[in-house]
Amino acid sequence: MQYQTTLRDAIAFEGAGLHTGVTARVRVLPAPAGHGLRFRLDDSVEFPARADYVLDTVRATVVGVGAHRVSTVEHLLSALLGCGVDNALIDVHGGEIPVEDGSAKAFADAIDAVGIATLHEARVRWIPAETRVFRDGDKMLIVAPASSFRVRMMVDYPPPIGAQYVDVEITPEAYRAEVAPNRTFGYQHEVEGLLKRGLAQGGTLENAVVFGPDGPLAPLRSESEPARHKILDLVGDFALLGAYPQCEVIAIKSGHKLHCTAVRELRHDLGESAAVTATS
Ligand SMILES: [Zn+2]
């Protein structure tokens, strides 16, 4: 039997967001069993970290209620789910989660620094009753029942990234070592376009991997850093299920939009073909 967890103490981050460049303050506070992962924005609104609250998925996942919204939640949510934190209140002032180094490493390190407390209630798991397939053009996501949470990610980008395949069983240990340190990435020729559209205002070579025609402009942290970052993003989006995913996800070229569509539909299935269980 696995038990629910929370943080032993609060963790805090302050800094600029990748897309808006605006500074935000974030505190992640311990929470009791059954609370789940929840957001509180600007001392005004509070809501669960669930797909129903996703407002936008263009390049980053944006959640909120009405005028209160926060962008780029996926890396922080990824670290919480990846490190095995079931319950926490994410208190945000400002419109975007700080980008840190473009990966989930700062969040995972902060979680490790305070430690994880085990609570006295069984972990709530989400187990699909059957295999489901989601498609969007040439992107595909297959979600199948499994004994643990495993992600198989296949990407196929224009040169110099090319095709990459990475398979990770998302245990806290594997997440910290093989997923969390991998940074967001883009192409040199895209950067100008992003700035024109008002995105990536906070992007620098310090918080993103930029690929020029001949390769990355700075050393990679792993040969398959782009595919591993896509796993990081997927784990963050699957945190929006609202329960610990016990499933295998086969992802082909998928991104935030398809992840969020799938998670929203899978949440709708909860009463019918899938089961949320509090047993081991
Ligand atoms: Zn990302």
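The values are calculated or read from the model by the stated rules, or taken from the named source; none is laboratory data. It should be emphasised that the depicted structure is a prediction, and the values quoted were computed from it without experimental measurement. Note that each Cβ is placed from the backbone with ideal geometry, even for glycine, and that neighbours are counted across all protein chains shown. In case anyone asks, the SASA skips ligands and DNA or RNA and just uses the protein heavy atoms, side chains included. Shrake-Rupley method; radii C 1.70, N 1.55, O 1.52, S 1.80 Å.
Give the range of the longest stretch in the chain that excludes all GluC sites (Glu not before Pro) found in loop regions by DSSP and having at most 16 other beta-carbon atoms within 10 Å.
Values: sites that count: Glu130, Glu206, Glu223, Glu272.
Free of exposed loop sites, the longest segment is 1-129.
From helices alone, the chain scores -6000 deg cm²/dmol at 222 nm; the rule is -39500 (n - 2.57) for each run of n ≥ 4 DSSP H residues, then divide by the residue total. The length gained on full extension between Lys139 and Asp42, counted as 0.36 nm times the residue separation minus their Cα-Cα distance, comes to 31.4 nm. Under a Gaussian network description of the chain, with springs only between Cα atoms under 10 Å, the residue in Val210, Val191, Val249 that fluctuates furthest is Val191.
Kindly give Rg over Rh for segment 1-137, based on alpha-carbon atoms, with the Kirkwood expression for the hydrodynamic radius. Don't skip to the end; give the middle numbers.
Working: Rg = 15.2 Å, Rh = 15.6 Å.
Rg/Rh for segment 1-137 comes to 0.97.
What the chain shows is 42 Å² of accessible area per residue, with the surface traced by a 1.4 Å probe over protein heavy atoms.
Screening the chain for DSSP H helices whose Cα atoms reach 15 Å or more along their own axis and whose mean Kyte hydropathy is at least -1.0 gives 225-238, 256-268.
Between Ala51, Ala104, Ala144, the residue with the greatest mean-square fluctuation in the GNM of the chain (Cα pairs under 10 Å linked by springs) is Ala144. For the pair Glu265 and Glu223, what calculated FRET efficiency results from E = 1/(1 + (r/R0)^6), where r is the Cβ-Cβ distance and R0 = 25 Å, to the nearest 0.05? Calculated transfer efficiency: 0.15.
Please work out the Cα center distance from segment 26-89 to segment 93-125, rounded to the nearest Å. Cα centres, segment 26-89 to segment 93-125: 11 Å.
Please work out how many pairs of lysine residues in the chain are eight or more positions apart (or on different chains) and have Cα atoms closer than 15 angstrom. For the chain, qualifying lysine pairs total 6.
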